[in-house]
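Working notes, beginning with the structure itself.
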Amino acid sequence: MVNPSESDPDAPQSLMILPSALIATIMTKLDVASICSAASTCRTFQSCASHILSFIPNFHLLDIGLSNHFLRPLLMPTNPYLRSLQVDCTRLDDSSFDYLIRPSLQELSLHNCADFTGQLLSRIGHRCKDLRFLYLSSLAEKRGRSIDASDLEALLLGCTQLETLILMFDVSMFMRHNFARVWALATSKLVSLEIGFISSIMVTELLTPVIGPHQSSQHFQPSIFPGLQKLNLSVDYITDTMVSTISESLASLTHLDLRDSPIMEPRVSFDLTNIGLQQINPHGKLKHLSLVRSQEIFPTYFKRVNDLGILLMADKCSSMESISLGGFCQVTDTGFRTILHSCANLYKLRVSRGNHLTDLIFHDITATSLSLTHVSLRWCNLLTNFAVTRLASNRGLIVLDLRDCRNLGDDALQAVSTLPKLKTLLLDGSDISDTGLCHLSKGMSSSLVSLSLRGCKRLTDKCISFLFDDSSNRELRELDLSNLPNLSDAGILLLAKSHVPIFELRMRQCPLIGDISVMALASMKVDENGWQGSSLKLLDLYNCGGITPLTFKWLKKPYFPKLRWLGVTGSVSRDLVDGLMRNRPFLHVGYRGEELGTDQWDNLDDLYMHDYEEVDEFEQWLLEGENESDEEMEEAEIIEVL
């Protein structure tokens, strides 16, 4: 029998001729979303994907919150080799315990667990004896859900191999009278602890040894966390007492990250002073320090810390590699320069709300041996172009955050354009113009990945032409153009014509952006590594002045096949928004003005090799067998017309 391919060389080749072992080997290199996307293309891939999911060691799917109906078949119960599980639990609850919590797991990350109860903790403790890494966020935050101290006790008793524990929720709900006793059950192997919120008093009580009735104060008490190296806490108040207790109790600490959000101006007993700073790093092992006072709730600062406190701290912190200080309004250039000249190994510097920080901080930076790679100077309004010019002498800068430094202009961008390795540049609220963007594009044609121009009100449509002129900035993937009053649809048309595969595009609060921009982006074709189609994963159109109900037609399938986050104005039509959410159930739609974003995006984007043909195969695979129609959307549009 003659092979059709031999008689007709142009005949399409079937995938059936490829050895199944070869297909399986290739698919094992993909992430879960890519495997499912491939499964939707043909029966051969579908069969191979089902086989792979039965022995895959890592199941990571954070950009889509699946329900039990869709997630259960993907997490094969017969897979004894599953070691790492990361999922978005937005649509899950306690009924998913049986297939989520497995004895084979060593790493477990469950995001957005608001509909779970505290039993999630106890179930993990009972079943995951070999767990090394645990991340839980928003646990039991939905009304009616609760967490008991016994749940935490079961977790700590059962997970004896735990090395990293991240609890991103309010643990102050636990009763204080037995809180320290429960945490004393934690394994000595724990090296990293992060807590979403805990009161400073509970932290102090947790780390303060309890003296028994028949023991003297001289009796030695072992540390509750003898091997802890990283501690990250969000508290109500950062105090001298808490900082001193942490510093003395945790002898192995290398990373200390503390953030507070006071609800009122703190009294001296509930505040950080020069005395507290002097207590930091008594054991000399600290490499990374972050002390930040947030103004999210109440506008307050560390008013009891000045240059003297920084000088006292710097004496013990000469080996620091990363320092982040936020809200130290009384510290001047003298204090900050002490850090630069004392910490020879410093590569990351972050200062926010440095009210007295001026250009003098970098005046003689060339006299130091510093090799800074990450610098953030947010809300430092006294800085000018001269400071950035001096800072640019650090040619190895990778991240530069200058948000809300309102005196920075085009000369600063000319200096920044000389940085060959810069990947992230944040310029929100600065005084730059289109000319500055022209300087930037000429000097940085390949390195920049993320750029934020939010609130730079002098920018016009010309900035887009400068950014994407010819081959400029082909690597740019994240772009924030929010709050630009002079940016119009013409600028977005230029962006669409550039064919640059942008993943995240924010244009909120742009009064001249309208339906034409959405149509252009929806029709945008990107040719990268052999596939074509819109690359946008995040699109923020909140409060754009020209958005009408017509936009929602272009937000439907098959347009924007990879879109996972969308920001719109709910007041345009709540019926249209609801219809869109029903039409695209895996799309996160924000309509109240909230900032969009995800916990993380998968880094394997370059593994999406197939041709999308304007349809998301992953969603198609999940919804296979169900009739996709636009009846609900059309009904919403009819209501809008009426």
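The values are calculated or read from the model by the stated rules, or taken from the named source; none is laboratory data. Please read these numbers as outputs of a predicted model, since none were measured by experiment. A quick note on method: Cβ atoms are made from the backbone with ideal geometry, for glycine too, and the neighbour counts reach across all protein chains shown. Protein only, heavy atoms only, side chains kept; ligands, DNA and RNA dropped before computing areas. Shrake-Rupley method; radii C 1.70, N 1.55, O 1.52, S 1.80 Å.
Annotations for the structure displayed:
- Just one residue in the set Gly533, Gly567, Gly593 is over 23 Å from Leu448 (Cβ atoms) and at pLDDT 90 or above; that residue is Gly567.
- Among the residues of the range 225-261, the one identified as within 15 Å of Ile201 (Cα to Cα), of a type in the set (Asp, Glu) and part of a strand (DSSP E or B) is Asp260.
- One residue stands out among those in the range 552-576 that are without any contact (Cβ under 8 Å) to a residue 40 or more places away in the chain and farther than 23 Å from Arg477 by Cα: the one that is surrounded by the most Cβ atoms within 10 Å (Cβ to Cβ), which is Val572.
- Check on Phe174, modelled with pLDDT under 95 and buried (at least 17 other Cβ atoms within 10 Å of the Cβ): yes
- Filter result for Ala490 (surrounded by fewer than 19 Cβ atoms within 10 Å (Cβ to Cβ), hydrophobic (A, V, I, L, M, F, W, C) and assigned to a helix (DSSP H, G or I)): yes
- Test for Ser7: is it surrounded by fewer than 20 Cβ atoms within 10 Å (Cβ to Cβ), modelled with pLDDT under 90 and of a type outside the set (Asp, Glu): yes
- All positions within the range 278-287 that are crowded, with 18+ Cβ neighbours inside 10 Å, touching a Leu at 6+ places or on another chain (Cβ under 8 Å) and closer than 18 Å to Thr254 by Cβ: Ile280, Asn281, Leu286
- When the helices (runs of 4 or more DSSP H) confined to the range 269-352 are screened for residues that are free of Cβ contacts under 8 Å to residues at least 12 places away in the same chain and farther than 19 Å from Leu382 by Cα, none reaches at least 2 such residues.
- Residue match in the range 580-597 (condition: in a helix (DSSP H, G or I), touching a residue at least 60 places away in the same chain (Cβ under 8 Å) and not β-branched (Val, Ile, Thr)): no
- Test: residue in the range 463-473 that is out of contact with any Leu (no Cβ under 7 Å at 6 or more places or on another chain), open to solvent by less than 40 Å² (accessible area, probe 1.4 Å) and modelled with pLDDT under 95: yes
- If you go through the range 96-135 and pick out every residue that is outside any loop (DSSP other than H, G, I, E, B) and either of a type in the set (S, T, N, Q) or touching a His at 6+ places or on another chain (Cβ under 8 Å) (or both), you end up with 5.
- Lone qualifier among Leu425, Leu382, Leu402, Leu391 - being at pLDDT 95 or above, over 18 Å from Asn483 (Cα atoms), open to solvent by less than 30 Å² (accessible area, probe 1.4 Å) and among the aliphatic types (A, V, I, L, M): Leu391
- Test: residue in the range 478-486 that is open to solvent by less than 20 Å² (accessible area, probe 1.4 Å), part of a helix (DSSP H, G or I) and of a type outside the set (Ser, Thr, Tyr): no
- Restricted to the range 53-80, and to residues there that are among the small types (Gly, Ala, Ser) and open to solvent by 20 Å² or more (accessible area, probe 1.4 Å), the residue that is modelled with the highest pLDDT is Ser67.
- Of the residues making up the range 81-94, just one is open to solvent by 50 Å² or more (accessible area, probe 1.4 Å) and within 18 Å of the chain's Cα centre (by Cα), namely Thr90.
- Selection status of Ser376, surrounded by fewer than 20 Cβ atoms within 10 Å (Cβ to Cβ), within 17 Å of Lys423 (Cβ to Cβ) and among the hydroxyl-bearing types (Ser, Thr, Tyr): yes
- Of all the residues in the range 410-422, those that are open to solvent by 10 Å² or more (accessible area, probe 1.4 Å) and either over 20 Å from His374 (Cα atoms) or of a type in the set (Gly, Ala, Ser) (or both) number 4.
- Pair list, Cβ < 8 Å and 6+ apart or interchain, from the range 125-153 residues that are under 23 Å from Tyr99 (Cβ atoms) to residues that are among the acidic types (Asp, Glu) and in a loop (DSSP other than H, G, I, E, B): Arg132/Glu163; Phe133/Glu163; Ser137/Asp599; Lys142/Asp115; Arg145/Asp115
- Output for the range 136-152, where each listed residue is within 17 Å of Leu193 (Cα to Cα) and not in a strand (DSSP E or B): Ser138, Leu139, Leu152
- Residue match in the range 153-170 (condition: open to solvent by less than 20 Å² (accessible area, probe 1.4 Å), modelled with pLDDT under 95 and not in a loop (DSSP other than H, G, I, E, B)): yes
- Scanning the range 438-462 for residues that are modelled with pLDDT under 90 and of a type in the set (Ser, Thr, Tyr) returns Ser441, Ser445, Ser446, Ser447.
- Which listed residue, of Val182, Val87, is farther than 27 Å from Asn58 by Cβ and either at pLDDT 95 or above or part of a helix (DSSP H, G or I) (or both): Val182
- Taken over the range 49-68, residues that are part of a loop (DSSP other than H, G, I, E, B), more than 15 Å from Ala38 (Cα to Cα) and hydrophobic (A, V, I, L, M, F, W, C) amount to 5.
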